[in-house]
Amino acid sequence: MAITHIGQIARLGLIAPYTGRIGGMFLCLAGGPQMYRNMSLVGAAVLCALVGAAQAQGAGPVRSESVDDVIARVIREAASAENAPRSVLPVVMGARIGEHEDRTRFVVELSDPINIRTFSLSNPNRVVVDMPAVQWRLDGPPRPSGLGSVRSYRYGLFRPGNSRFIIDLNRPVIVSSPLVIPPEGGSGYRVVIDLSPTTQTRFDETAGWPADLRARESQAERLAAVAPASSGQTGRVAQKRIVVIDPGHGGIDSGTNGTNGLMEKDLVLDEAIRLAHALMQAGACTVHLTRDSDIYIPLRERRDIARSWHADLFISLHADSNPDRSVRGLSVYTLSESGSDREAAALARKENQSDVIAGVDLGGENSAVAPILIDLEQRDTLNRSSRFALGALARLKVATDVLLRDPHRSAAFAVLKAPDVPAVLIELGYLSNAEDAAQMVLPRWRNAVADAIAGAVDEQFHLRPAIDDATASTAKFTGQE
């Protein structure tokens, strides 16, 4: 049966509840028809199709369909539905920076007038240009020289219904109110924002989240923590083990960019879907994703999702980079107060800055750089995390190359610090290395890695025996497609 509408799948009982959140999305991949809302069509349809395929395995002879077939089919069907009535988002058609002696001018060109507001954040100094959801049609926008007030900028979806620019500053500035210029001479609506130099003291006096946006963020976090109860779930479905998969970065935070142009946020989302499929085939786990589309989820919300579902295991997927482009291979990280070495500690500091990159409110305990202190109650959780890391590496060595020096590493990753959920962060390889980046684009490699991780999950829950030395010595993925 072709997927024509998510509601059709839900009514047929092929998917379990979807719970929409202000701060993103997550899906429960288990049986039972429920209400859904605010779902990303393609991402959700892929997962629903995978569930239907997995459930159909016991219903009689059917044509085997790989995860690549499912993803390709859903994308084709989504494209064929483009003529269906839907609301059209405003389009951001361009952005440019003008550097002058007394100010730096930031100009955004839009297809339609929209409500835009700006605010500044300190530590580090940034300007946020906040707006409703838009379509991005920026084809290689010009970058700042770095000599003026603007060091760099980025853009993307921050929350459902909320897009933004984040402007990184070289020096403190006063931000003007946005000035909207109507279309003329073939241009669209232009929004002009002037950034004028000021003192750090004056910048700090005006920096901070607007009260209504801070309230929205707080509400999003509360919804993330109570989502299972609100959907009628108790956190466990038919005694199945609960696994939460966290594709890192997303939306405005692209993560690492590969030597071949592959973006980390796209790689890890695709790998998360494949891992969910591999786990569902075994049928012993209920799987949740922290995000199913190109959207940013703050670090603490990712942990809250795992805790709210009473997860038995949390797996965060990332890809690494290194100034030394010869460094390559997969590694698995568990939580520690400091780090297994300076490189691991530096990586944790970089990943913990993800909320800063996205312009998240870091007030109070939400600070991503706060010290991580491990108490006695967490020791058992850490032991279970380490056991999974070792089992995963034993299987992943068969599927791909692993880091030659200490592939099981530890560091103070903020996303791993839930005290009651065993958790690992898997760096799939180095996008800065040409060989790693080349194999990461291949569906065969992605499937092999997903199958290896799924096997380690089964082993962790005693659903599959540990891998033996004979299997571990077999040839790994060769990179040939």
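The values are calculated or read from the model by the stated rules, or taken from the named source; none is laboratory data. These figures come from a predicted structure and were not determined experimentally. With ideal geometry, Cβ positions are generated from the backbone for all residues, glycine too; neighbour counts draw on all protein chains shown.
Scanning region 447-480 for residues that are charged (D, E, K, R) and either within 9 Å of Ala399 (Cα to Cα) or modelled with pLDDT under 55 (or both) yields a total of 3. Among the residues of this structure, Glu427 counts as one that is of a type in the set (Asp, Glu), modelled with pLDDT of 90 or more and either part of a strand (DSSP E or B) or exposed (fewer than 14 other Cβ atoms within 10 Å of the Cβ) (or both).
Of all residues assigned to region 384-403, at least one qualifies as being farther than 23 Å from Arg302 by Cβ, of a type outside the set (Asp, Glu) and free of Cβ contacts under 8 Å to residues at least 60 places away in the same chain. For region 141-167, the tally of residues that are under 23 Å from the mean Cα position of the chain (by Cα) and assigned to a loop (DSSP other than H, G, I, E, B) stands at 2.
Selection of first residues in region 174-189 that are farther than 21 Å from Arg126 by Cβ and of second residues that are surrounded by fewer than 10 Cβ atoms within 10 Å (Cβ to Cβ), restricted to Cβ pairs under 9 Å at least 6 apart or on distinct chains, gives the following pairs, ordered by first then second residue: Tyr189/Pro182.
Total residues in region 432-446 satisfying the condition of being within 18 Å of Val332 (Cα to Cα) and in contact with a helix residue (DSSP H, G or I) (Cβ under 9 Å, 6 or more places away or on another chain): the figure is 3.
Looking across region 104-140, just one residue is farther than 25 Å from Pro197 by Cβ, over 23 Å from the mean Cα position of the chain (by Cα) and β-branched (Val, Ile, Thr), and that is Ile114.
Answer yes if at least one residue in region 204-212 is closer than 21 Å to Gln353 by Cα, modelled with pLDDT under 90 and buried (at least 16 other Cβ atoms within 10 Å of the Cβ), and no otherwise. Yes, some residue in region 204-212 is closer than 21 Å to Gln353 by Cα, modelled with pLDDT under 90 and buried (at least 16 other Cβ atoms within 10 Å of the Cβ). Number of residues in region 128-155 that are closer than 16 Å to Ser354 by Cα and crowded, with 20+ Cβ neighbours inside 10 Å: the value is 2.
Contact map, region 87-106: first residue acidic (Asp, Glu), second residue assigned to a strand (DSSP E or B), Cβ cut-off under 7 Å, separation 6 or more or different chains; pairs are Asp102/Ser196. Of the listed requirements (1) in a strand (DSSP E or B); (2) modelled with pLDDT of 95 or more, Thr286 misses just one: (2).
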